[in-house]
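Only the coordinates and a few stated rules stand behind these numbers; no lab work does. Bear in mind the structure is a predicted one, so any value in this text is a computation, not a measurement. Because the Cβ atoms are built from the backbone with ideal geometry, glycine has one as well, and the counts that use them run over all protein chains shown.
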Amino acid sequence: MGEDIDIKLVVLGEGNTGKTSLINKFLGKEISDSYVPTIGYKINQKEYILENKKIRINIWDCCGKKAFNEVNPTVYKNIDGAFLVFDLSRPEETIKNLKKDHVKHLDYYAKGVEEGILFIVGNKLDLVLVNKDLEPVKNYLSEDDLIIAMSALTGENVNECFELLVYTVLKQTNKDEVAKEFIQFIGKTEEELINQVIDIANIDILLLKEKVKLIEK
């Protein structure tokens with residue numbers, strides 16, 4: 001089968017934004033009705049067994065306490081990707097300091113965000129009208145940020161977001177044949193994966209192939 005491919009993904013953000021619920025939805029686990037804060041961090045795994053390769057995603061579910069992230073540089077080391085999660089129903093409260101709190105650590109410990117893949121993930125899509133509720137987000141993000149809106153409750157865009165991360169990592173690391181086999185395995189096209197990325201300038205869901213530079217052929 002050949003050497004396995006391991007991908008380290010860290011999921012960061014304020015408390016009660018649904019980070020654990022997003023991960024559990026992706027893994028097919030039960031989602032709790034009540035908020036149970038993550039203590040420290042928990043590592044989950046998801047495997048894709050292809051014909052010639054096994055892809056393993058190691059998903060680091062990190063607590064929302066800022067103090068934790070200050071004293072645990074291990075979280076940020078050797079990452080392939082990061083999800084910065086905010087609550088679409090509380091955008092200003094949960095996104096205002098999101099990049100400031102975490103990107104500086106990613107820059108320092110992961111030797112620059114550009115060496116990994118960074119998605120800004122808005123959870124609780126089921127509670128909002130995207131065109132209206134993303135307006136405050138424009139105040140805190142740039143047009144170059146890769147934004148994905150999803151719902152852990154309904155599952156909308158959850159699998160696609162994780163799959164886009166895997167596909168992008170494979171393309172970034174020049175594993176084009178494995179990337180091709182991966183999208184065939186999940187039964188999706190490149191366009192279907194990229195199409196969920198939000199154009200923050202126009203507040204609309206568009207195909208942003210030119211912005212996902214890591215997927216360029």
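Go through 186-193, 4-11 and give me the packing order, highest mean Cβ count within 10 Å leading.
Details: 186-193: 14.2, 4-11: 19.9.
The packing order, highest mean first, is 4-11, 186-193.
Listed here are the pairs 100/171; 25/77; 8/171; 29/99; which of them are more than 20 Å apart at the Cα? Don't jump to the answer; show the numbers that get you there.
Working: 100/171 28 Å; 25/77 25 Å; 8/171 15 Å; 29/99 29 Å.
Violating the 20 Å limit, Cα to Cα: 100/171; 25/77; 29/99.
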